[in-house]
């Protein structure tokens, strides 16, 4: 199992902060939050592969350091200078976030561990404080860093969450440092989230696969 130090080292490389190494802050310095930040970093790598040139930002000013949330929060919160990334692909503008809450089609609020959303909706929700609507989400990932085994109930819960986000999202998956054959089978039907298991710095081939698949999906989305 990857250690906290290994996750943070990988995050440093993936974040590629303009100010250099160690220019980020985990509000909660625990493996679970470092893992979410690590998956955020893999999304940055996928965008860079598409020459999307992601820019690191903070809600209140320059992201020095780049702050990762310690708990689910609202996109417009200025309690800390929470970080996010912006990027463009063609004429499409997007943002990448960690731990932001969205309003589902049922009216209930859901946290998405890591997501890519439409930049216009994100900007509007910061300008006029509100939780983003489900339709603004184009990609969403649930992140589970466990020392023990995964449970199949995690899959049902995430499928339920994605269902409440409606049909507008195009990319979704469950990321974990661990694996579970039953969950893989559960996610196998078409239109269910993709399983990204044994995804960690200890499995570079799985990192490459996640990045490659996301890059392909994003390219297809903006060209469709």
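The values are calculated or read from the model by the stated rules, or taken from the named source; none is laboratory data. No experiment lies behind these values; they were computed from the predicted model shown. Cβ sites come from the backbone with ideal geometry, for glycine too, and all protein chains shown count toward neighbours.
Hey, among the residues in the range 25-57 that are over 25 Å from residue 212 (Cα atoms) and in contact with a strand residue (DSSP E or B) (Cβ under 8 Å, 6 or more places away or on another chain), which one's surrounded by the most Cβ atoms within 10 Å (Cβ to Cβ)? Full working, then the answer.
Pass one, the range 25-57, residues over 25 Å from residue 212 (Cα atoms): 25-30.
Filter once more, keeping what is in contact with a strand residue (DSSP E or B) (Cβ under 8 Å, 6 or more places away or on another chain): 25-27.
On the way: 25: 18, 26: 20, 27: 16.
Top of the filtered list is 26.
Do we have any residue at all in the range 2-18 that's out of contact with any helix residue (DSSP H, G or I) (no Cβ under 7 Å at 6 or more places or on another chain), more than 22 Å from residue 210 (Cβ to Cβ) and not in a loop (DSSP other than H, G, I, E, B)?
no
Does the range 146-168 contain at least one residue that is at pLDDT 95 or above and either closer than 22 Å to residue 92 by Cβ or touching a helix residue (DSSP H, G or I) at 6+ places or on another chain (Cβ under 6 Å) (or both)?
Looking only at the range 146-168, we keep the residues that are at pLDDT 95 or above, and these are none.
The answer is no; no qualifying residue exists.
Quick test for you: out of 97, 110, pick the one residue that is in contact with a strand residue (DSSP E or B) (Cβ under 8 Å, 6 or more places away or on another chain) and either closer than 17 Å to residue 41 by Cβ or without any contact (Cβ under 8 Å) to a residue 24 or more places away in the chain (or both).
Working: 110 fails: either closer than 17 Å to residue 41 by Cβ or without any contact (Cβ under 8 Å) to a residue 24 or more places away in the chain (or both).
Answer to the selection: 97.
Here's the yes/no breakdown for (1) in contact with a helix residue (DSSP H, G or I) (Cβ under 6 Å, 6 or more places away or on another chain); (2) farther than 19 Å from residue 162 by Cα; (3) modelled with pLDDT under 95:
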{"site": "79", "(1), (2), (3)": "no, yes, no"}
{"site": "88", "(1), (2), (3)": "no, yes, no"}
{"site": "94", "(1), (2), (3)": "yes, yes, no"}
{"site": "97", "(1), (2), (3)": "no, no, no"}
{"site": "116", "(1), (2), (3)": "no, no, no"}
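Across the range 189-211, which residue is nearest to residue 38 (Cα to Cα) among those that are in contact (Cβ under 8 Å) with a residue 60 or more places away in the chain and either out of contact with any helix residue (DSSP H, G or I) (no Cβ under 6 Å at 6 or more places or on another chain) or in a helix (DSSP H, G or I) (or both)?
Restricting to residues being in contact (Cβ under 8 Å) with a residue 60 or more places away in the chain and either out of contact with any helix residue (DSSP H, G or I) (no Cβ under 6 Å at 6 or more places or on another chain) or in a helix (DSSP H, G or I) (or both), the top hit is 200.
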